[in-house]
Amino acid sequence: MSWVSACQLEDIEQEGAIRFDHSGRSYAIYRGPDDSVYCTAGLCTHEAVHLADGLVMDFEVECPKHSGAFDYRTGEAIRLPACANLKTYPAEVVDGEVRVALD
Amino acid sequence: MGGFVIVGAGEAGTRAAFALRETGYDKPIKLIGAETHLPYERPPLSKPYNGAVAMKAICSAEALLNAGITYLPAVEVAELDVAGQAVILSDGQSLAYDKLLLTTGGRPRKLSCPGAGRALEFRTYDDAKIILDSVNASRSVAIIGGGLIGMELAAMLRGKGLIVSIVEAAPKPLGRAVPSRFAAKMHTRHVDEGVNFHLGVGISEIRDNTVLLTNGAEVPADVVVAAVGVQPEISLAEKAGLATGNGVLTNPFLQTSDRHIFAAGDCAAVEQHGGGHVRFESWRNARSQAQTAARNMAGANEAFSAIPWFWTDQYDLGLQVAGLPQPHHQSVVRALPTGEMEFYLDEGTLVAAAGLGIGNSVAKDIKLSEMLIAAAVSPDPAALADAGVNLKTLLKSAKAA
């Protein structure tokens, strides 16, 4: 596991998400309503759709195609058709910079 | 014995089977499918992966087993014995039911011109495979019908480098389901991608390698695909004497004219609040009606009230529509970085929204619009038009009000 600089906190809308691609893989980085940051695998576990295009409400992200939803803090699938949980990765903000710990 | 029987193992039937278990229903559930495969998703069929038709199962055989759902594939239902509460299969077998759900879907409308038998259909996985196998050995394709399915297919086939022509009887493509603003933009994109359009013209005859149009033009076509819409599969319901129209008629609780029989998905025409029956053909509608029907079969009393919503992907464009835009609605346009939204107001109240952009870029705003529509808000048109106003802010102020 290594920490990677992903973006600035201000690059992500509050209660929003951005897509982050690194080493050929796609991730989603979230900024919660309280400015906390989280990182999950970027593609929905139901079909390969980028979750960062989905709506973030509170601590939930909804798939932009099929309305499956996840708690992005834990990766838990909380609404069908998503049933497999998302992998999560540690994320932190250091001096306004968002860093994520990837495999 | 008895339990619940579901006829039709598409998105609606399969979702209903699982939704019944989610209600705690613990008696037998039989899910009858006409096709040989495990229940699968239809939307991916027009989007092949690596040149092959995508087979995306809705659930695994194991999931069906674990949920105690008896799946009967490749089974033809001969008739319904409404009085005896039984489904009669084509092999003579009789399955008794306490309640029955019809999720029989639709079947492609057929062409009636000479040579119509040469046209391929596009509805099932097997259809998609035949089309893909045929075009791999061809240079030109004619698609009869410029609706959503025809246009998605055209985008996919242009991606494979084929000569693609669309023949549409109406003066414009996508006239039925897509708001005119976005129908025009998608039409333009198809023209830019090299699709040949023959609009406002009918078919005289389908010949071996050409389609002869009513205006005398000949369209080159090694392969012809008919995409002229879907008609609801209601023959079982009709034969059983259930009330039918443009679909199996149901009340708002998705119950048919027989109180033991429910209907959901593409085959169901549901009574509307303002009168009349409406039938929707979309992935989400199939799922949400299935869930309501399942809960009502298990004893709930829920009127179906979801806002219609669908998407279509063509080239790198994604269109999403929520609600039912009508020509008489006031239109408000919002420009986005990679696309555009259009909102539809009925006497000031937001009733529908549509968006077209790259990929899924409009999804968030459409979802928020859907929530605004559900809240029956009357937003300031200037705020809707201003891309600087986050729709989430409008929703939060609507909820606070």
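Please return the ranges of strands (runs of 3 or more DSSP E) entirely within region B:63-126 where 3 or more residues are out of contact with any Ser or Thr (no Cβ under 7 Å at 6 or more places or on another chain), more than 21 Å from B:Gly3 (Cα to Cα) and touching a residue at least 12 places away in the same chain (Cβ under 8 Å).
B:106-108
Can you confirm whether region B:267-284 contains a residue that is in a helix (DSSP H, G or I) and within 14 Å of chain A (Cβ to nearest Cβ)?
There is at least one residue in region B:267-284 that is in a helix (DSSP H, G or I) and within 14 Å of chain A (Cβ to nearest Cβ).
For residues in region B:53-73 being of a type in the set (A, V, I, L, M) and under 22 Å from the mean Cα position of the chain (by Cα), which is farthest from the other protein chains (Cβ to nearest Cβ)?
In this case the residue turns out to be B:Val53.
Filter region B:170-195 down to residues that are surrounded by fewer than 20 Cβ atoms within 10 Å (Cβ to Cβ) and either in contact with a Pro (Cβ under 9 Å, 6 or more places away or on another chain) or closer than 23 Å to B:Ala353 by Cα (or both), then give me how many there are.
10
Considering only residues of region A:1-53 that are assigned to a loop (DSSP other than H, G, I, E, B) and polar (S, T, N, Q), which is surrounded by the fewest Cβ atoms within 10 Å (Cβ to Cβ)?
So, considering only residues that are assigned to a loop (DSSP other than H, G, I, E, B) and polar (S, T, N, Q), the one surrounded by the fewest Cβ atoms within 10 Å (Cβ to Cβ) is A:Ser23.
With the structure loaded, tell me whether B:Val191 is part of a loop (DSSP other than H, G, I, E, B) and of a type in the set (Val, Ile, Thr) or whether it fails that test.
no
Determine whether A:Glu47 is more than 9 Å from chain B (Cβ to nearest Cβ) and among the acidic types (Asp, Glu).
no
Each row is one residue, and each column tells you yes or no for (1) farther than 23 Å from B:Ile131 by Cα; (2) over 23 Å from the mean Cα position of the chain (by Cα).
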position	(1), (2)
B:Asn215	yes, yes
B:Val224	no, no
B:Gly241	yes, yes
B:Arg259	yes, yes
B:Gly265	yes, no
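Within region B:12-27, which residues are more than 16 Å from B:Ala74 (Cα to Cα) and in a helix (DSSP H, G or I)?
B:Ala12, B:Arg15, B:Ala16, B:Ala17, B:Phe18, B:Ala19, B:Leu20, B:Arg21, B:Glu22
On the basis of being of a type in the set (A, V, I, L, M, F, W, C), outside the structural domain of B:Asn251 (by TED's automatic domain parsing), under 20 Å from the mean Cα position of the chain (by Cα) and modelled with pLDDT under 95, does B:Ala137 make the cut?
The answer is no for B:Ala137.
Somewhere in region B:362-373, is a residue at pLDDT 90 or above and at positive phi?
no
Being facing chain A (nearest Cβ under 7 Å) and among the hydroxyl-bearing types (Ser, Thr, Tyr) is the filter here, so list the residues in region B:349-366 that pass it.
B:Ser361
The values are calculated or read from the model by the stated rules, or taken from the named source; none is laboratory data. The structure displayed is predicted, hence computed values, not measured ones. Positions of Cβ are generated from backbone atoms using ideal geometry, with glycine treated the same way; all protein chains shown enter the neighbour counts.
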